[in-house]
1. Could you list, in sequence order, the residues of the range 1-39 that are in a strand (DSSP E or B), more than 19 Å from ILE58 (Cβ to Cβ) and open to solvent by 80 Å² or more (accessible area, probe 1.4 Å)?
2. Scan (1) assigned to a strand (DSSP E or B); (2) over 19 Å from TRP4 (Cα atoms); (3) open to solvent by 40 Å² or more (accessible area, probe 1.4 Å) for the single condition TYR109 breaks and write down its number.
3. Would you say GLY167 is open to solvent by less than 80 Å² (accessible area, probe 1.4 Å), in a loop (DSSP other than H, G, I, E, B) and modelled with pLDDT of 50 or more?
4. Which of the residues spanning the range 84-97 are farther than 18 Å from TYR5 by Cα and either open to solvent by 60 Å² or more (accessible area, probe 1.4 Å) or not hydrophobic (A, V, I, L, M, F, W, C) (or both)?
5. Which members of the range 1-34 meet the condition of being in contact (Cβ under 8 Å) with a residue 40 or more places away in the chain and in contact with a Lys or Arg (Cβ under 6 Å, 6 or more places away or on another chain)?
6. Does ARG2 satisfy being among the basic types (Lys, Arg), under 16 Å from ILE133 (Cβ atoms) and at pLDDT below 95?
7. Scan the range 65-89 residue by residue and report those that are part of a strand (DSSP E or B) and in contact (Cβ under 8 Å) with a residue 60 or more places away in the chain.
8. Can you tell me which condition ALA37 does not meet? The list is (1) touching a residue at least 40 places away in the same chain (Cβ under 8 Å); (2) closer than 15 Å to PHE137 by Cα, and all the others hold.
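The values are calculated or read from the model by the stated rules, or taken from the named source; none is laboratory data. From a predicted model like this one, the values you see are computed outputs, not experimental measurements. With ideal geometry, Cβ positions are generated from the backbone for all residues, glycine too; neighbour counts draw on all protein chains shown. Accessible surface areas use protein heavy atoms only, side chains included; no ligands, DNA or RNA. Shrake-Rupley method; radii C 1.70, N 1.55, O 1.52, S 1.80 Å.
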Amino acid sequence: MRVWYMCKVKYSKEDEEGRLKSVTEPYLVDALSFTEAETRIYEELGSVIKGDFLITGISKTKISDIFHMDGEHYWHKCKVVYFVSMDNGKEKKVTNQMLINAKDVKEAYDLMIESLSTMMVTYKITEIIETPIAEIFPYYGDDEVIDNRKTLPNPEPLPPVVVDEDGVVQEDEEDELEEEDEIDEQGEEVEDEDENERL
């Protein structure tokens with residue numbers, strides 16, 4: 001599951017009259033921790049923003065899904081409520097926050113309805129607001145990287161199997177079982193910072 005961090009970046013931007021103006025823009029980045037979010041923002045914006053820039057804040061968001069449509073439009077945050085049937089026959093109410101880019105609120109609603117058309121549960125969109133998000137940076141890994149982004153080790157080749165004329169598998173009694181090395185997954189525990197500002 002993706003975790004999205006909101007990073008506020010302050011830098012000098014040239015206005016329509018050619019004058020430099022200090023602005024602060026929010027960027028959304030997919031990362032595993034606050035530290036990785038900061039690193040990724042510097043990587044993504046280092047070659048885009050001219051001059052120095054400063055990250056003034058990073059906060060973890062509750063965004064569950066992002067729908068990217070063609071076109072350079074505004075990002076809208078949609079609150080989607082749906083109901084899931086429980087084993088006891090009751091329904092559980094689940095609230096998710098999703099993002100979709102559209103030119104206005106009406107189009108965002110229509111596109112969200114279209115995007116959620118395959119859902120097999122009853123849902124309703126209770127809120128749509130336009131956000132100031134400048135850009136979104138999802139994580140793109142290669143085929144060997146799983147959701148947790150840890151590369152799986154290459155498996156050991158299996159020993160050859162010998163079959164006699166009667167179709168019986170011959171086992172080599174001299175073979176000894178080799179103990180499999182335990183793979184330690186090292187990762188530092190990131191302590192969540194106070195989330196004063198949420199999307």
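1. If we filter the range 1-39 for residues that are in a strand (DSSP E or B), which is where we start, we get 4-14, 20-30.
When the remaining residues are screened for being more than 19 Å from ILE58 (Cβ to Cβ), the result is 12-14, 20-22.
LYS13, GLU14, LEU20, LYS21 - these are the residues of the range 1-39 that are in a strand (DSSP E or B), more than 19 Å from ILE58 (Cβ to Cβ) and open to solvent by 80 Å² or more (accessible area, probe 1.4 Å).
2. TYR109 satisfies every listed condition except (1).
3. Working: open to solvent by less than 80 Å² (accessible area, probe 1.4 Å): yes; in a loop (DSSP other than H, G, I, E, B): yes; modelled with pLDDT of 50 or more: no.
The answer is no for GLY167.
4. Residues satisfying the conditions are SER85, MET86, ASP87, ASN88, GLY89, LYS90, GLU91, LYS92, LYS93, THR95.
5. TYR5, PRO26, VAL29, ASP30, ALA31
6. Values: among the basic types (Lys, Arg): yes; under 16 Å from ILE133 (Cβ atoms): yes; at pLDDT below 95: yes.
Spelling it out, ARG2 is indeed among the basic types (Lys, Arg), under 16 Å from ILE133 (Cβ atoms) and at pLDDT below 95.
7. Quick first cut of the range 65-89, residues part of a strand (DSSP E or B) only: 65-67, 74-85.
Correct list: ILE66, TRP75, LYS77.
8. All conditions are met except number (1).
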